[in-house]
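What follows is a single structure, written as structure tokens, with notes after it.
The values are calculated or read from the model by the stated rules, or taken from the named source; none is laboratory data. As the structure is a computational prediction, the values presented were derived from the model and not from experiment. FYI the Cβ positions are ideal-geometry reconstructions off the backbone, even for glycines, and counts take in every protein chain you see.
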């Protein structure tokens, strides 16, 4: 039932839950791309002006650093199908979640 992308996202989530600082090197890599102003990223010759800036990455790092290790989740085809059905039901309605 699960697509390769869904399983990849699920496994990444589980890795972050069980080993919160697993993204530390990626966060540091992203933070190193900011100019001195803390708002502009230079990546492979592309300049990107950000709204939140380096502060958002610092907050992410701090949150992961403080997060306790959690048990890994178990995949459920039934729950994935239910979530998919909800997404299909609300698509085009401008909703971003279930409000029932």
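Can you name the condition, by its number, that residue 87 falls short on among (1) assigned to a helix (DSSP H, G or I); (2) under 24 Å from residue 17 (Cα atoms); (3) free of Cβ contacts under 8 Å to residues at least 12 places away in the same chain?
Failed condition: (2).
Looking only at segment 30-42, decide whether some residue is part of a helix (DSSP H, G or I) and within 15 Å of the chain's Cα centre (by Cα).
yes
If we scan segment 63-80, do we find a residue that is in a loop (DSSP other than H, G, I, E, B) and in contact with a strand residue (DSSP E or B) (Cβ under 6 Å, 6 or more places away or on another chain)?
Going through segment 63-80, the residues in a loop (DSSP other than H, G, I, E, B) turn out to be 67-76.
Then keep just the ones that are in contact with a strand residue (DSSP E or B) (Cβ under 6 Å, 6 or more places away or on another chain); that gives none.
Within segment 63-80, none of the residues are in a loop (DSSP other than H, G, I, E, B) and in contact with a strand residue (DSSP E or B) (Cβ under 6 Å, 6 or more places away or on another chain).
Among (1) surrounded by 12 or more Cβ atoms within 10 Å (Cβ to Cβ); (2) at pLDDT below 90; (3) touching a helix residue (DSSP H, G or I) at 6+ places or on another chain (Cβ under 6 Å), which single condition is residue 34 missing?
Answer for residue 34: the failing condition is (2).
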